[in-house]
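Novice: Pasting a structure here, questions to come.
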Amino acid sequence: MHHLIQIPRCVVLARRPISRPFLRPRSNYLNSTNHSSFSMNFIRKFFRTSTPEEEMSAASTKAQTIIKENAVAVFSKSYCPHCQASKKLLDDLGAKYFAIELDEVDDGAAIQSALKEISGQRTVPNIYIGGKHIGGNSDLQAKKGELKSLLQSVGAAA
Ligand SMILES: N[C@@H](CCC(=O)N[C@@H](CS)C(=O)NCC(=O)O)C(=O)O
């Protein structure tokens, strides 16, 4: 009967890899900080601390920074034909410009509202050259004759 209680070698070997990986993730989970950053992200997502006023203020600051830090700033929407016409005119003149597509960023609606406060204009494109409000596409097209030298004067074209 001796052979009946013998555990086959393959069973002994198979047991080790099964039990070890099982213990490793559990102890890593308890010791690591991964679970705490996951919890913090969860809390941040579901208990947002910023108010609508704070979001508007941040959007206003962002819009003003974009206007100040770029020789040419175009607040645009990716599907807007007027915006495409403005960007094409600037491209044709070889201008360097910063464009933000308000329909593609999370704070786009807030930035659009902030622009209404800043310039009185809510539609896109909303164009600034050298920090000055130009207006929309029709305003930019109307400046065609003087646009190249205006772009050169702010360092946006050679
Ligand atoms: N006359 C304006 C027309 C601009 C316009 O109508 N833009 C549309 C988008 S194509 C707009 O801003 N619609 C309101 C919105 O998207 O919130 C111009 O030349 O820029």
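The values are calculated or read from the model by the stated rules, or taken from the named source; none is laboratory data. Fair warning: this is a prediction, and the values are worked out from it, not measured in the lab. Every residue, glycine among them, receives a Cβ derived from its backbone with ideal geometry; neighbour counts consider all protein chains shown. These accessible areas exclude ligands, DNA and RNA; they are computed on the full protein's heavy atoms, side chains included. Shrake-Rupley method; radii C 1.70, N 1.55, O 1.52, S 1.80 Å.
Novice: Is there a residue being without any contact (Cβ under 8 Å) to a residue 12 or more places away in the chain, within 15 Å of the ligand (Cβ to nearest atom) and assigned to a helix (DSSP H, G or I) anywhere in the stretch 63-86?
Specialist: Yes, the stretch 63-86 has at least one match.
Novice: Working carefully through the options K143, K148, find the one that is in contact with a strand residue (DSSP E or B) (Cβ under 9 Å, 6 or more places away or on another chain), open to solvent by less than 80 Å² (accessible area, probe 1.4 Å) and at negative phi.
Specialist: Of K143, K148, the one residue that is in contact with a strand residue (DSSP E or B) (Cβ under 9 Å, 6 or more places away or on another chain), open to solvent by less than 80 Å² (accessible area, probe 1.4 Å) and at negative phi is K143.
Novice: So, in the stretch 121-158, how many residues would count as being part of a helix (DSSP H, G or I) and within 14 Å of the ligand (Cβ to nearest atom)? Before the answer, list the steps.
Specialist: Step one: of the stretch 121-158, the residues part of a helix (DSSP H, G or I) are 137-142, 144-153.
Narrowing the set further to residues that are within 14 Å of the ligand (Cβ to nearest atom) leaves 137-142, 144.
Final tally of qualifying residues: 7.
Novice: Name the single residue, out of those in the stretch 103-120 being assigned to a loop (DSSP other than H, G, I, E, B) and in contact with a Ser or Thr (Cβ under 7 Å, 6 or more places away or on another chain), that is nearest to S76 (Cα to Cα).
Specialist: The first filter runs over the stretch 103-120 and keeps only residues assigned to a loop (DSSP other than H, G, I, E, B), leaving 103-107, 120.
Okay, now just the ones that are also in contact with a Ser or Thr (Cβ under 7 Å, 6 or more places away or on another chain), so 103-104.
Values: D103: 8, E104: 10 Å.
Of everything passing the filter in the stretch 103-120, D103 is nearest to S76 (Cα to Cα).
Novice: Tell me which residues, restricted to the stretch 87-97, are more than 14 Å from the ligand (Cβ to nearest atom) and outside any loop (DSSP other than H, G, I, E, B).
Specialist: Filtering the stretch 87-97 for residues more than 14 Å from the ligand (Cβ to nearest atom) gives 91-97.
Matches in the stretch 87-97: D91, D92.
Novice: Out of curiosity, is S78 exposed (fewer than 14 other Cβ atoms within 10 Å of the Cβ), in contact with a strand residue (DSSP E or B) (Cβ under 8 Å, 6 or more places away or on another chain) and not β-branched (V, I, T)?
Specialist: Numbers: exposed (fewer than 14 other Cβ atoms within 10 Å of the Cβ): yes; in contact with a strand residue (DSSP E or B) (Cβ under 8 Å, 6 or more places away or on another chain): yes; not β-branched (V, I, T): yes.
Yes; evaluated as a whole, the condition is true for this residue.
Novice: Here is a follow-up. Going residue by residue through the stretch 98-120, is there one that turns out to be over 27 Å from E55 (Cβ atoms) and either modelled with pLDDT of 95 or more or away from the ligand (no atom under 12 Å from the Cβ) (or both)?
Specialist: Within the stretch 98-120, not a single residue is over 27 Å from E55 (Cβ atoms) and either modelled with pLDDT of 95 or more or away from the ligand (no atom under 12 Å from the Cβ) (or both).
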